[in-house]
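Enquirer: Got a structure for you, written out below as structure tokens; questions coming shortly.
The values are calculated or read from the model by the stated rules, or taken from the named source; none is laboratory data. Please read all numbers here as calculations on a predicted model, not as lab measurements. Cβ placement follows ideal geometry from the backbone for every residue including glycine, while neighbour counts extend to all protein chains displayed. Remember, those area values only see protein heavy atoms, side chains included, never the ligands or the DNA or RNA. Shrake-Rupley method; radii C 1.70, N 1.55, O 1.52, S 1.80 Å.
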Amino acid sequence: MHELLAKQLAEATRASGDIDLATLTRLVSNAYDEADRKQRGKGSASARAGTTGLPASADRELLVAEVKTQNLRFETAVENMTQGLCMFDGEKKLIICNRHWLDLFGLPAALGKPGTSFRMIMEARLANGHYPGRTIDELLAERESIHKERKAKTFEQRLRDGRVVQTYHQPMADGGWVATFEDVTDRLRAEASFRLLFDSNPVPMWVYDRGTLRFLAINDAALAHYGYSREQFLSMTLLDIRPAEDRERALQYVRSVSETYVTDRAWRHYKADGSEIYVLAYGRALTHEGRDAVLCAVVDVTERRRAVYELRTQNMRFEAAIENMTQGLAMFDGERRLIVCNRRYAEVYSLPPELVRPGTTHRQILEHRVAAGAYSGPDPAAYIQSRIVNADEAKPSTKLLEFPDGRAVVVSHQPMPGGGWVSTHEDITERRRAEARIEHMARHDALTDLPNRVLLREELEQHLGRVRRSEPLAVLCLDLDHFKAVNDSLGHPLGDALLQAAASRIRTCVGDADTVARLGGDEFAILQVAAEQPNSATGLAQRLVQALGQPFDLSGHQVVIGTSVGIALAPFDGNDPDQLLKNADMGLYRAKADGRGTFRFFEPEMDAKMKVRRALEVDLRKALGNGEFELFYQPIVNLEHNQLSGFEALLRWHHPQRGLVSPAEFIPLAEEIGLIIPIGEWALRKACTDAKLWPDPIMVAVNLSPVQFKSKNLVSTVISALASSGLPPKRLEVEITETVLIQDNDTTLAVLHQLRDLGVRISMDDFGTGYSSLSYLRRFPFDKIKIDRSFIRDLARRDDSRSIVRAVTGLGSSLGMVTTAEGVETDEQLRLLRAEGCTQVQGFLFSPPKPLREIAELIEKFRGPARAVA
């Protein structure tokens with residue numbers, strides 16, 4: 001039976017190499033079954049009994065159990081080897097391997113299955129980059145030469161990550177082989193490191209025999225430092241370079257060296273010239289060429305000993321410097337105990353003498369500081385914990401602590417190597433107060449404490465940087481009527497009191513976000529923001545005239561004055577602080593000229609414009625209901641294919657009396673009074689309905705106002721317009737300006753992404769006229785950027801305009817965006833735009849905006865050869 005089992009094992013191994021526990025168990029069972037059948041054929045009941053004297057089934061179970069046990073031991077031993085192991089049969093197929101072998105070469109577990117070909121495994125190792133520059137055929141040929149030698153061989157392989165694997169290859173009788181693999185990288189590195197450390201180390205080093213004390217090896221640094229030749233050193237013992245009285249101590253030192261030994265005091269050594277030096281010795285036991293030896297490194301501390309006196313002197317100077325610092329200084333060890341502090345540190349925190357002694361804990365000092373009110377924050381316990389955490393941080397830090405008593409202390413924390421820290425504590429309370437006073441005085445009026453011209457100008461510059469036509473701001477200049485007469489008749493003290501009282505009344509007239517400034521004398525200015533203009537400026541001017549026209553009671557004197565106000569609006573009257581102040585001042589003079597006690601806007605005709613605006617607002621509110629709006633369409637031409645790409649929808653208002661009103665006149669007004677939302681929705685629906693009549697894929701572009709983006713219904717409005725018209729989303733393009741992105745970046749970007757998800761194309765209009773266009777292109781991938789007509793107008797005459805166009809088209813090309821030039825009016829402009837790689841153009845050169853009834857004819861015209869783009 002055992003011969004049969006061996007035969008089946010051999011056959012199974014040749015067939016697949018699979019000799020795992022399941023297979024062994026199955027083969028043993030099959031062998032016993034076969035033996036039982038043979039015995040039954042002989043009719044011998046006793047023959048069916050096993051070799052153990054037990055029934056055949058019991059004998060089989062024992063053998064199966066033994067096989068299982070042996071196989072488990074085998075697998076455990078293989079898997080717990082510190083080396084990788086693999087075995088291949090004569091057909092170069094894997095019989096067995098362990099996990100360490102797979103991990104060593106970065107092979108997946110699937111390749112560790114019996115039967116995997118050697119070639120497949122080598123291909124995987126090659127794919128892992130372990131043999132750069134080699135081919136699979138070269139590797140297999142190299143391994144084949146090893147197999148043919150039919151003898152054990154050891155060789156090294158260097159892997160792609162720099163590791164070195166030592167392979168022991170043992171052939172087997174059937175043509176297969178077993179190999180073990182050991183990562184010897186660390187061992188080789190250690191050997192190389194030791195050689196490098198010893199031979200080239202700048203520190204004098206030697207190796208000596210522990211028993212005879214004779215030198216066995218000397219590095220170059222030791223030869224140079226001591227002056228002996230190598231031959232001299234190798235003929236000497238350790239005792240030859242030491243005084244005789246050090247003999248016993250030297251022997252004791254040698255006996256004590258184990259893994260590492262550092263001498264407790266300096267040794268005296270003699271150099272070749274007879275001079276005496278002091279060294280510290282660092283020894284380590286090792287085996288050198290089979291001998292029990294000691295590796296020793298020495299550090300010459302002769303000069304250090306000479307410097308001890310100087311160090312003590314420096315320490316005295318250091319202590320004097322610390323005690324005379326204007327900052328508090330404290331040093332704590334790794335256990336948070338005080339090492340040293342100076343007098344100023346104790347003064348800053350009112351520490352008693354017992355708390356500035358070395359050994360005082362950091363927590364004790366913190367608790368005293370809390371008790372004395374020298375802590376920041378509302379929670380004393382939290383403050384203590386935060387300071388402990390900060391002290392434990394292994395990085396420098398500087399923190400400002402503001403105490404309940406108004407003091408401010410800057411604490412600079414610097415960790416020390418090995419634990420602990422040193423900190424400085426500077427009380428900057430008075431300095432901050434002085435700086436705040438100086439800063440306030442530099443930017444405020446001393447008499448009224450109002451902002452002065454400097455601060456007003458800063459506020460103007462800040463707000464002008466954000467101002468947009470839909471959000472204007474107002475600058476009001478005013479002075480006190482008849483102030484000079486009051487000041488001259490009642491004296492300067494009452495004049496000053498009048499100015500203070502007037503300033504107080506002006507403050508009551510303005511909003512929290514507005515700025516009131518005194519420019520000098522009786523001149524004041526107001527910056528009004530976040531308000532509807534010019535209505536808000538008008539209302540403020542009226543309040544000022546009324547408030548300052550009321551009598552003032554000054555030390556028993558009834559004083560009646562008044563005020564005149566001039567108003568300038570940004571950006572209408574300028575985008576420069578000086579220009580706005582100048583224009584508001586001109587309005588002030590006009591108010592004075594008109595009789596004082598009134599207000600005037602900067603432009604003489606502004607009052608008339610306001611009346612016209614009010615009338616226009618009334619008419620605009622009725623226009624949508626009366627059907628007075630119409631969409632005109634201007635063609636957009638694709639330069640690459642010389643074809644009509646689409647149309648831009650442009651809103652027109654047919655006023656019953658005024659005729660065609662410019663969009664530049666009524667759109668801002670519609671945005672201001674909120675009518676742009678219903679008007680914009682009408683325009684969107686009308687444009688989608690009209691575009692559905694045009695041949696596919698001609699698209700329509702619709703401008704969206706920043707105000708529309710404030711509506712939560714914008715996306716649903718677009719969906720509804722597309723659904724009701726049947727226009728595919730890809731044929732709708734919405735155009736936005738930078739103002740849309742400025743007002744609320746996150747919300748706006750979310751809406752834009754929702755529209756993009758619908759399939760609608762997104763275009764940035766008037767690109768390059770704002771101050772942050774590039775940042776918006778990074779945040780949202782627009783489908784198109786439109787080059788403002790201001791750059792196209794001077795394209796043929798100004799190099800800078802052409803450079804801007806070139807930059808924008810190049811940017812669009814690199815980002816995969818279409819570039820459309822607006823306002824193309826001449827063939828020369830078209831030629832230059834084509835040369836610069838512009839994608840699309842539109843303008844009067846092709847057609848002015850036309851009503852819907854003329855669009856069909858225009859489409860046919862662009863289809864015909866007569867209107868190919870030049």
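So that you can scan it fast, the table gives a plain yes or no per residue for (1) more than 50 Å from the chain's Cα centre (by Cα); (2) of a type in the set (D, E, K, R); (3) surrounded by fewer than 21 Cβ atoms within 10 Å (Cβ to Cβ):
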{"position": "464", "(1), (2), (3)": "no, no, yes"}
{"position": "476", "(1), (2), (3)": "no, no, no"}
{"position": "489", "(1), (2), (3)": "yes, no, yes"}
{"position": "508", "(1), (2), (3)": "no, no, yes"}
{"position": "517", "(1), (2), (3)": "no, no, no"}
{"position": "521", "(1), (2), (3)": "yes, no, yes"}
{"position": "539", "(1), (2), (3)": "no, no, yes"}
{"position": "545", "(1), (2), (3)": "yes, no, no"}
{"position": "556", "(1), (2), (3)": "yes, no, yes"}
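Enquirer: Pairs, please: C-beta under 8 Å, at least 6 apart or cross-chain, first residue closer than 18 Å to residue 710 by Cα and in the range 749-773, second open to solvent by 60 Å² or more (accessible area, probe 1.4 Å) and modelled with pLDDT of 85 or more?
Expert: If the second residue must be open to solvent by 60 Å² or more (accessible area, probe 1.4 Å) and modelled with pLDDT of 85 or more, the pairs left are 762/756.
Enquirer: How many of the residues in the range 88-123 are surrounded by 16 or more Cβ atoms within 10 Å (Cβ to Cβ), touching a strand residue (DSSP E or B) at 6+ places or on another chain (Cβ under 8 Å), part of a loop (DSSP other than H, G, I, E, B) and free of Cβ contacts under 8 Å to residues at least 24 places away in the same chain?
Expert: Adding up the residues that qualify gives 2.
Enquirer: Another question, then. Do you know which residues across the range 165-222 are hydroxyl-bearing (Ser, Thr, Tyr), over 30 Å from residue 280 (Cβ atoms) and not in a helix (DSSP H, G or I)? Spell out how you get there, then give the answer.
Expert: The first filter runs over the range 165-222 and keeps only residues hydroxyl-bearing (Ser, Thr, Tyr), leaving 167-168, 180, 185, 193, 200, 208, 212.
Of the ones still in play, those that are also over 30 Å from residue 280 (Cβ atoms) are 167-168, 180, 185.
Across the range 165-222, the qualifying residues are 167, 168, 180.
Enquirer: Please determine whether any residue of the range 375-397 is among the hydroxyl-bearing types (Ser, Thr, Tyr) and under 20 Å from residue 416 (Cβ atoms). It would help to see each step written out before you state the result.
Expert: So the first thing to find is which residues in the range 375-397 are among the hydroxyl-bearing types (Ser, Thr, Tyr), and the list is 375-376, 383, 386, 397.
Narrowing further to those that are under 20 Å from residue 416 (Cβ atoms): 397.
Yes, the range 375-397 contains a residue that is among the hydroxyl-bearing types (Ser, Thr, Tyr) and under 20 Å from residue 416 (Cβ atoms).
Enquirer: Could you please find all residues in the range 440-462 being surrounded by 17 or more Cβ atoms within 10 Å (Cβ to Cβ) and part of a loop (DSSP other than H, G, I, E, B)?
Expert: Those that are surrounded by 17 or more Cβ atoms within 10 Å (Cβ to Cβ) and part of a loop (DSSP other than H, G, I, E, B): 445, 448, 450, 452.
Enquirer: Additional query: With of a type in the set (Asp, Glu) and within 30 Å of residue 207 (Cβ to Cβ) as the only criterion, which of 276, 319, 347, 323 stands out?
Expert: 276
Enquirer: Can I ask one more? Conditions: (1) modelled with pLDDT of 85 or more; (2) basic (Lys, Arg); (3) exposed (fewer than 10 other Cβ atoms within 10 Å of the Cβ). Residue 265 meets all but one. Number of the miss?
Expert: So residue 265 meets the others, but not (1).
Yes or no, residue by residue, for (1) open to solvent by 80 Å² or more (accessible area, probe 1.4 Å); (2) under 21 Å from residue 276 (Cβ atoms); (3) charged (D, E, K, R); (4) under 57 Å from the mean Cα position of the chain (by Cα):
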| residue | (1), (2), (3), (4) |
| --- | --- |
| 175 | no, no, no, no |
| 182 | no, no, yes, yes |
| 198 | no, no, no, yes |
| 210 | no, no, yes, no |
| 215 | no, yes, no, no |
| 223 | no, yes, no, yes |
| 227 | no, yes, no, no |
| 233 | no, yes, no, no |
| 237 | no, yes, no, no |
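Enquirer: Does residue 825 fit the bill of being within 21 Å of residue 648 (Cβ to Cβ), assigned to a helix (DSSP H, G or I) and either at pLDDT 90 or above or among the charged types (D, E, K, R) (or both)? Spell out how you get there, then give the answer.
Expert: Values: within 21 Å of residue 648 (Cβ to Cβ): yes; assigned to a helix (DSSP H, G or I): no; either at pLDDT 90 or above or among the charged types (D, E, K, R) (or both): yes.
No.
Enquirer: Continuing with the same structure: Among the residues in the range 463-474, are any assigned to a loop (DSSP other than H, G, I, E, B), touching a helix residue (DSSP H, G or I) at 6+ places or on another chain (Cβ under 7 Å) and modelled with pLDDT under 90?
Expert: Residues of the range 463-474 assigned to a loop (DSSP other than H, G, I, E, B): 465-467, 469-470, 472.
Okay, now just the ones that are also touching a helix residue (DSSP H, G or I) at 6+ places or on another chain (Cβ under 7 Å), so 469-470.
Still in the list and also modelled with pLDDT under 90: 469-470.
Yes, the range 463-474 contains at least one residue that is assigned to a loop (DSSP other than H, G, I, E, B), touching a helix residue (DSSP H, G or I) at 6+ places or on another chain (Cβ under 7 Å) and modelled with pLDDT under 90.
Enquirer: How many residues does the range 650-700 hold that are more than 29 Å from residue 615 (Cβ to Cβ) and hydroxyl-bearing (Ser, Thr, Tyr)?
Expert: Counting residues in the range 650-700 that are more than 29 Å from residue 615 (Cβ to Cβ) and hydroxyl-bearing (Ser, Thr, Tyr) gives 1.
Enquirer: Restrict the check to the range 844-854 and report whether at least one residue is assigned to a helix (DSSP H, G or I) and either hydroxyl-bearing (Ser, Thr, Tyr) or over 30 Å from residue 652 (Cα atoms) (or both). Before you say what the answer is, go through the steps one by one.
Expert: The initial filter retains those residues of the range 844-854 that are assigned to a helix (DSSP H, G or I), namely 852-854.
Now drop any that are not either hydroxyl-bearing (Ser, Thr, Tyr) or over 30 Å from residue 652 (Cα atoms) (or both), which leaves none.
No, the range 844-854 contains no residue that is assigned to a helix (DSSP H, G or I) and either hydroxyl-bearing (Ser, Thr, Tyr) or over 30 Å from residue 652 (Cα atoms) (or both).
Enquirer: Here's something else I'd like to know. Please work out which one of (1) on the phi > 0 side of the Ramachandran plot; (2) modelled with pLDDT under 85 is the condition residue 726 fails and give its number.
Expert: (2)
Enquirer: Within the range 803-824, which residues are surrounded by 15 or more Cβ atoms within 10 Å (Cβ to Cβ) and out of contact with any Asp or Glu (no Cβ under 7 Å at 6 or more places or on another chain)?
Expert: Kept after step one, since they are surrounded by 15 or more Cβ atoms within 10 Å (Cβ to Cβ), are these residues of the range 803-824: 804-806, 808-809, 811-812, 817-824.
Matches in the range 803-824: 804, 808, 811, 812, 819, 820, 821, 823, 824.
Enquirer: Testing residue 372 on (1) surrounded by 15 or more Cβ atoms within 10 Å (Cβ to Cβ); (2) touching a Ser or Thr at 6+ places or on another chain (Cβ under 6 Å); (3) not acidic (Asp, Glu), one condition comes back false. Which one is that?
Expert: Checking residue 372 against (1) surrounded by 15 or more Cβ atoms within 10 Å (Cβ to Cβ); (2) touching a Ser or Thr at 6+ places or on another chain (Cβ under 6 Å); (3) not acidic (Asp, Glu), the one that fails is (1).
Enquirer: Can you pull out every residue in the range 310-325 that is within 16 Å of residue 343 (Cα to Cα), part of a helix (DSSP H, G or I) and open to solvent by 100 Å² or more (accessible area, probe 1.4 Å)? Can you show your working first?
Expert: Step one: filter the range 310-325 for residues within 16 Å of residue 343 (Cα to Cα), giving 316-325.
Of the ones still in play, those that are also part of a helix (DSSP H, G or I) are 316-323.
Within the range 310-325, 316, 317, 318, 319 meet the criteria.
Enquirer: Working only within the range 478-487, note down all residues that are buried (at least 20 other Cβ atoms within 10 Å of the Cβ) and of a type in the set (S, T, N, Q).
Expert: Result: no residue meets the conditions.
Enquirer: Does residue 357 satisfy the criteria of being farther than 22 Å from residue 432 by Cβ and touching a residue at least 24 places away in the same chain (Cβ under 8 Å)?
Expert: Details: farther than 22 Å from residue 432 by Cβ: yes; touching a residue at least 24 places away in the same chain (Cβ under 8 Å): no.
Answer is no for this residue.
Enquirer: Out of all the residues in the range 124-133, which are open to solvent by 40 Å² or more (accessible area, probe 1.4 Å) and in contact with a helix residue (DSSP H, G or I) (Cβ under 7 Å, 6 or more places away or on another chain)?
Expert: Passing the criteria: only 126.
Enquirer: Among the residues of the range 418-445, count how many are of a type outside the set (Asp, Glu) and closer than 22 Å to residue 513 by Cα.
Expert: Of all residues in the range 418-445, those of a type outside the set (Asp, Glu) come to 418-425, 428-429, 431-434, 436-438, 440-444.
Then drop every residue that is not closer than 22 Å to residue 513 by Cα, which leaves 440-444.
Of the residues in the range 418-445, 5 are of a type outside the set (Asp, Glu) and closer than 22 Å to residue 513 by Cα.
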